[in-house]
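The values are calculated or read from the model by the stated rules, or taken from the named source; none is laboratory data. Quick caveat, the model's predicted, so the values are computed rather than measured. Cβ atoms come from the backbone with ideal geometry, glycine included; neighbour counts cover every protein chain shown. Quick note on the areas: whole protein, heavy atoms, side chains included, nothing else; ligands and nucleic acids left out. Shrake-Rupley method; radii C 1.70, N 1.55, O 1.52, S 1.80 Å.
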Amino acid sequence: MLWIRSVLFLLGLLIVTPIFSILVILLFPLPDVMRSRIASGWAHFVMFWLRLTCNLDYQVRGQENMPDHPSIILSKHQSAWETIGLQIIFPPQVWVMKRSLLLIPFLGWAFVALAAIPIDRSAGREALKKLVANGKDRLARGLWVVIFPEGTRTAPGEKSKYHIGGAWLAAKTETTVVPVAHNAGKYWRKNAFIKHPGTIQVVIGEPIETAGLKPDQVNKQVEAWIETTMSTLD
């Protein structure tokens, strides 16, 4: 049954994603925040379809910690789930992602239309400069910025190095950081086809004000809070 449920979920995803991608591209002339809100309809459908087909739901704690202004979300990265779920939990947003993802048919084109921030990890300091310039621009447009500091998905109970990019952007623009922990990898593992039933736990941490902090200080605070919180979830 798990396999059948996962097949049904995939079929729904394959049907809906191209439709929403084309819609987002056609809505390119609209303001960024409005376009992002409309695009989040895709995420709402996917979460509904995931709950219906795979019996996989989620709960959020700490919503009172969300600032009332555009901020930078630094989140644990275990699954494909959070790339969808965060669109529902948080206000209109853009994501920092590998440049190669923009080449994916339909989905990648939609990312471009939604003003996603592409990065070239091999570019070093030059990549950080572009990240700050693009991130500052998106924040000024009223969009939140989502970054996964580990860069790649990690298995439950494991952690990767927290890269400096997100903390660098936050410190250089003196933008509030919102750390996020979750255990989505317990139910939807990296590159796994099968989705297991259950309830994903998402925890939003207290905002970190970065004015006066160095990027390394921000990064250490975020890593310490996320990994400590993850130990209570796992």
Legend entry - Calculated diffusion of the range 163-222, Stokes-Einstein form, Kirkwood radius summed over Cα pairs, 4 °C and 1.567 mPa s, µm²/s: 98
Legend entry - Option label - Cα extents along the principal axes in Å computed here, alternatives (1) 50, 47, 35; (2) 53, 44, 35; (3) 78, 50, 33: (2)
Inset, instruction - Give me the number: length gained by fully extending residue 130 to residue 17, i.e. 0.36 nm times residue separation minus the C-alpha to C-alpha distance, one decimal in nm. - result: 37.8 nm
Inset, instruction - Taking the Cα centre of the range 23-73 as origin, sum charge times position over the Cβ atoms of Lys and Arg (+1) and Asp and Glu (-1), and report the length of that vector in debye to the nearest 20. - result: 160
Inset, instruction - Subtracting the Cα-Cα distance from 0.36 nm times the residue separation, let me have the gained length for residue 164 to residue 57 in nm, one decimal. - result: 35.4 nm
Legend entry - Percent carbon-and-sulfur accessible area, the range 159-218, ignoring ligands, DNA and RNA, probe 1.4 Å: 49
Inset, instruction - Give me the distance between the Cα centres of the range 95-169 and the range 7-70, rounded to whole Å. - result: 19
Inset, instruction - Apply the membrane-span-like helix rule to the chain: whole DSSP H runs, Cα extent along the own long axis of at least 15 Å, mean Kyte-Doolittle hydropathy at least 0.0. List the helices found. - result: 2-26, 32-54
Inset, instruction - Could you work out how far apart the two model spin labels at residue 107 and residue 26 are, taking each label as a point 7 Å from the Cα in the direction of the beta carbon, and quote it in nm? - result: 2.2
Legend entry - Contact order relative to length of the chain, as percent, for alpha carbon pairs under 8 angstrom and 6 or more apart: 27
Inset, instruction - Evaluate the relative contact order of the range 1-57 (contact order divided by residue number), counting alpha-carbon pairs under 8 angstrom at least 6 apart; express in whole percent. - result: 49
Legend entry - Sites residue 140 and residue 98, calculated FRET efficiency, Cβ-Cβ separation with R0 22 Å, nearest 0.05: 0.40
Inset, instruction - Using the heavy atoms of the protein chains and a 1.4 angstrom probe, tell me the accessible area per residue for the range 1-158 in square angstrom. - result: 49
Inset, instruction - Rounded, prolate or oblate: pick one for the range 2-99, where a ≥ b ≥ c are the square roots of the eigenvalues of its C-alpha gyration tensor, a/c under 1.5 means rounded, and failing that, prolate if a/b is larger than b/c, else oblate. - result: oblate
Inset, instruction - With a 1.4 Å probe and every protein chain left in place, work out the accessible area per residue of the range 182-234 in Å², rounded to a whole number. - result: 51
Inset, instruction - Treating only the Cβ atoms of Lys and Arg (+1) and Asp and Glu (-1) as charged, compute the dipole magnitude of the chain about its Cα centre; round to the nearest 20 debye. - result: 600
